[in-house]
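Okay, structure first, notes after.
Any read-out appearing in this document is the output of simple, stated calculations on the displayed coordinates, not a laboratory observation. Please read all numbers here as calculations on a predicted model, not as lab measurements. With ideal geometry, Cβ positions are generated from the backbone for all residues, glycine too; neighbour counts draw on all protein chains shown.
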Amino acid sequence: MGFTQILAWGSTYYLPAVLASTIAKETGWSITSVVGGLSWGLLVAGVSSPTVGRQIDRHGGRSVLAASSLLLALGMLLMGLAENVATYYVAWTLIGVAMAAGLYDAAFSTLGRLFGEEARTSITGLTLLGGFASTIGWPVIAGLESWIGWRNACFTIAAAHLLIGLPIHALLIPGSTKQPPHPVTVVSPNASELHPRATNQLFLLIAAMLTVLALVVSGISVHLLNVLKQLGIATAVALAIGMMIGPSQVLARVAEFSIGRNLHPTWSARAGVLLCLIGLGLLISGLPWLAFVAIALYGAGNGILTIARGTLPLALFGPQGYGARMGLLARPVLVAQACGPIAAAYVLDSFGASVLLSVMCGFLLLCFIASWRLPITQKGR
C-alpha cells in the first residue's frame, strides 16, 4: 500500500506542478483553468469521501482501493485524450472520486479495518513511504513529459495504475471474507467513557482542527516559493529552502515510527502543530539562514500531522466505525485543500508575504490552543 500511495499521490496531487504549464502552453487553456482541475478534483473527493468510508467499514478496503486504481487509470486516459476544458474537468471528476477512494484517508480506514487499535504502526509506516511521492513522482513525470510529451505521459501513468496499483490492491489486501464483520479490538476507553453529546463535540473539534490545518498547509505548499521571494530571498536559495520540506517530513515520520509510537496521538498532534507554528513564525524574519531552519521545523510538523490525521480519530473513538469517521473528516479537509491556495493567493497579492505568514500563524495558534482540549488516555488505563 505504501508503493501504491506513492503512485496515487504522484499522479494526482503533485501532477499539476509538473504538467500544468506544458498543458496550458500546448492547448491554449489558461493556467488557472489547468491548475483548477486539481481544486475541482479535491472538491469531488470531499463529496465522495463519506460514502467511501462507509463502504470500507462494511466491506473492507480491497474493493474500494482496487476501484481507485481503475478510476485513476480512466481519469489519466481521459486527460491524455482531452481536446477541450470540459473533457479535462470530466477527467478530474473521475480522478477526484479516485482520490477519495485511494489516498491516505481510504488507506488509513483500510488499515484500521484490518488491525483495529493496533493500526498506528502501519499508518505511520504508510505515511513514511508515501512521503516519497513528490521526490519520486516529480522527476519521473517530468522525464516522461520531456521524452514522450504530456499526453503520452498521462497514458503511461494510466498503464502504471492498471499494471502496478490494481494488482497490489486486488491481490495483496485481504478481502471482506478474510476480515471480521466488525473490528475485533474493543473500543478505546476514551470513546466508551464519553457521553454521546461529548463525543460529537470532540469529533467536531477534531474536524475543525484538521480543516484549519489543511487550509494552512495547502496554502503554504502552493505559494512557498513566492512567499520566500517576496521576503527578499533569491530564487536559487528559495528552491533550496523548499527542498527541505520532503526530508524533514520523512525524518519526523521516522522519529514518530521509532520514538513517538508509545506516545498518545494527542501529544503527536500538539507537537506537529507547535513545530509548524514555530517554523512559520521564524520564516517571517526573512533571513535566509533562519528560513532553512524554519522550513525544516514546518516540514517536520507537517509530517507528524499527516500521521495524527489517521491515528488521532482511531485512538479517541476506537476502530468501530473508523472508516465512516475518516470519510466524514475528509470532506471538510479536502474542501479546505481546494480553497486554501486560492485564499492564500489573495492575501499574498493584496497584503504581502509577512501578512500571509502572520495569518497562518494565527490559525496555527488557534489549533494549538484547541489541541489542549483533546483527551489523553493511554489504552488500557
Open item on the list: Classify region 189-371 from the C-alpha gyration tensor, please: rounded if a/c falls under 1.5, else prolate or oblate depending on whether a/b exceeds b/c.
Closed with: prolate
TODO: Using the Karplus curve 6.51 cos²θ - 1.76 cosθ + 1.60 with θ = phi - 60°, work out ³J(HN,Hα) for each residue of region 34-44 in order, rounded to whole Hz, and write x for Gly and Pro.
DONE: 5, 5, x, x, 5, 4, 4, x, 5, 5, 4
TODO: Just flag the GluC sites (Glu not before Pro) in region 78-177 sitting in loop per DSSP whose Cβ has no more than 12 other Cβ atoms within 10 Å.
DONE: Glu83
Task: Over the chain: helical MRE at 222 nm, DSSP H runs n ≥ 4 each giving -39500 (n - 2.57), nearest 500 - done: -27000 deg cm²/dmol
- [ ] Report the label-to-label distance for Ile164 and Ala255 in nanometres (one decimal), using points 7 Å from each Cα along the Cα→Cβ vector.
- [x] 3.0 nm
- [ ] Between the alpha-carbon centers of region 16-83 and region 301-319, tell me the distance in whole angstrom.
- [x] 25 Å
Open item on the list: Could you check the spin-label model distance between Glu83 and Leu129? Points 7 Å from the Cα along Cα→Cβ, value in nm.
Closed with: 4.1 nm
Task: region 237-302: C-alpha gyration tensor shape, a/c 1.5 cut-off, then a/b vs b/c - done: oblate
Task: Cα gyration tensor shape of the chain, rounded if a/c is under 1.5, else prolate or oblate by comparing a/b with b/c - done: oblate
